[in-house]
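Working notes for the structure below.
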């Protein structure tokens, strides 16, 4: 019986000696790699003294996911209509530019803010035509919806928000029968279509937009209708 136990202990010792150092696997030679493969094929248990335990890390890195932002630059063609009760006065359409910065609240909900500028005309009391600078500062939310049956790179855009309009001119308010000069708040709505260009960060959109003044600001209410088209870059 004693001889049998001695043989078992001796065999176990020899097996352990034939194992490469499990704590230094990066420095194994071809001979040690072969011995380890042979050991695995033998299905023998691994001696505990050869196992290297990795200490658990007390701190885990937090992965911060950033949401996409975008910048948009486009051309605007719109016309201001002054509501004078029973009648209305439509000013000729004016070409301008619009710049927006925005980001994603969710994959299909975005926020935006920016500035639009164009120049327009208004008749004075003496019959002459005055040139007005028209600034608009819009801010709001937009929905980017994917119509059924279309690729995921095309969106139906529904935009809504508020804006502040500022009209300025070298002429004075007293030069007009119903002056637009000064600051006036308004609400905005837009409906359009947008698509991504060749799986890039660039998109192109075209929208039909409208706005209407909320308060008179000392003059008759006004509203505007127009078209915006331009490029969007996502970063």
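Here, each number is a calculation from the coordinates, and none is a lab measurement. Source: prediction; values computed, not measured. Here the Cβ is made from the backbone with ideal geometry for all residues, glycine too, and neighbour counts use every protein chain on show.
Odds and ends about this structure:
- Gain upon complete extension [residue 128, residue 75; 0.36 nm per residue less C-alpha separation]: 16.3 nm
- Ranking of 187, 195 by count of other Cβ atoms within 10 Å, fewest first: 195, 187
- Using a Förster distance of 45 Å, the FRET efficiency for residue 234-residue 178 (Cβ separation, nearest 0.05): 0.55
- Extension gain, residue 111 back to residue 187 (0.36 nm per residue minus Cα-Cα distance, nm): 25.8 nm
- Between the stretch 172-235 and the stretch 96-153, the alpha-carbon centres lie 4 Å apart.
- Using R0 = 30 Å, the C-beta based FRET efficiency linking residue 145 and residue 86 works out to 0.15.
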